[in-house]
Each structure stands twice: as C-alpha cells, then as structure tokens.
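Presented below is the structure to which this report refers.
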Amino acid sequence: MDLRRHGFEPVAVTTGAAAMAAHREVDVVLVDLDLADFDGLTLCRELRATSDVPMIGFASFSELERVLALEAGCDDCVEKPYRSRELVARLGALLRRARVLSPPTITAGELRIHPTLREVRVGDRVVETTRKEFELLLLLASECERLFSRAELLRRVWEYDSVDAEITALASRTIDTHVSSLRKKLGSPHWIVTVRGVGFRFTDDARADPDSTDSAVDSTDSAAELDEAASANQV
C-alpha cells in the first residue's frame, strides 16, 4: 500500500531497534507484531514507556493477540491482511483524536518541549533527559513564571504522598541534582531560576540576568543553599 497517495510520509523500518530510534520523528507508529529481531508486544511496551506517540498494531485473526496488543500500548489494532481503505480511515481517526487530546508544544526561545513525544530540543539539538528530569522541566515550563516550592515539586514529580513544610536534606538535594543536570543539558542556567529559600520557577527569557534577586546560578554549586538544605531534617 502506498501511503503517500493518501497524504502520508511513511518512514519504513524493518527492525525493532530501528523503530525505537525513529519513533520520535513521526506522528503515528504502525507496528507489525511479527518482527525478526524483537517481540512485537515488547516493542509496543517499550515505545509506550518512552512516548505517547499514537500506535496501530497489525495482528492476526486471534482475538487474544489483538487484546494483548492493546494492553501493550497500541491505540488501535488492525487484522492482517488489512484493507487499505480501513487502515487509512483508522489512521485519520487516530490522528484527529491525538491532535485534540495532545497538549501543545511549549516554546521558550530556542527551547521546545514536546509533551506527547516526551522530547526536548534546543534549536535542532535533541536534549536527552531522564524520566524525572523531563517531568520536572515540563511541570515548571507549563506554568511559566509560577514559583514552585520544593515540597510541591516532591509531591507532583516524585509523587510523595505528603511533605511537611521542612523536607530532608536528601530530598532537597535530589531536586537540586535534577535541576543542575537539566541546566547543563539545556546549555543554559537561565530557564530554571532558583528563588533562594523558597523553590524554583521557569522563565522564557533565557537572557535573564543570573545575578538578579532570583538567582539562576546552579543551586548545587551554592554552598549557602546546600547548608540550608542540610539543616532541614524533617520529612
């Protein structure tokens, strides 16, 4: 089937490894569950663990295989052999739903955060982040200029059930470490601003003065801030 005739630009890959490498560059992934180098269901789970990209799985007539594909992360499933018109219709419907439900891309100067793809770019450079780094950056950037306390970050990013006003030095340093890593990976300390003794906020002005009251200097390099974190010993 020539998807180009229907307005799509397909990127063909023949292995699971190639699919993992290419999935961030496409709007939807079509997965044949019968792969030579990779179990198809495992591939679906791996893709879903790292991305919210829409997926359609190609399965046999077995109802169990279709159910397993959906449970593994596919948004839809098509029986093999499939009819071209049905596949095109399902592609269109899935992409329409994805566009309605997908949160918008967050842009701040050269920085772009794609929530659905879980991708961060600075200019044309892809910034590799850990899961918690991405969630922390997305939370801060989604409410630009809002001040987040350390306690709120622990609740919303690290899923602490409850956090007292004072937090342990270890928990505080966990946040500092992730902020420091993000600043280095982004190539600038200025997007994530430290408000000493309170928390952090995101600014879309990457040219902000790092010597302003709201310091954007790497918090893990600040002896004063580490001393403050070490003095907090109650969770």
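All of the numbers you see were taken from the coordinates with simple rules; none came from a lab. Remember, it's a predicted structure, so these values are computed and weren't measured experimentally. Cβ coordinates were reconstructed from backbone atoms using ideal geometry, including for glycine residues, and neighbour counts include every protein chain displayed.
A few comments on the model shown:
- Where labels lie 7 Å past Cα in the beta-carbon direction, separation of Thr107 and Tyr82 in nm: 3.2
- Remark on Val195: its backbone amide H falls under 5 Å from those of Phe200, Arg201, a criterion applied only to residues 5 or more positions apart or on other chains, H modelled at 1.01 Å from N.
- Sites Val195 and Glu159, calculated FRET efficiency, Cβ-Cβ separation with R0 22 Å, nearest 0.05: 0.40
- For Asp205, nonlocal amide neighbours, meaning residues 5 or more places apart or on other chains whose placed amide H falls under 5 Å from its own, do not occur.
- Amide H to amide H distances under 5 Å link Glu119 with His114, where only residues 5 or more positions off or on other chains count and H is placed in the peptide plane.
- Segment Arg131-Asp205, length gained on full extension (0.36 nm per residue, minus Cα span): 24.2 nm
- Ignoring lysines fewer than eight residues from Lys132 along the same chain, the ones with Cα atoms less than 21 angstrom from its Cα are Lys184, Lys185.
- Within the stretch 91-123, backbone nitrogen closer than 17 Å to the virtual label 7 Å beyond the Cα of Arg45 toward Cβ: none
- Cα→Cβ-extended label distance, 7 Å offset, between Asp124 and Asp37, nm: 2.6
- Full extension of the segment from Ala98 to Ala17, taken as 0.36 nm per residue of separation minus the current Cα-Cα distance, would add 26.7 nm.
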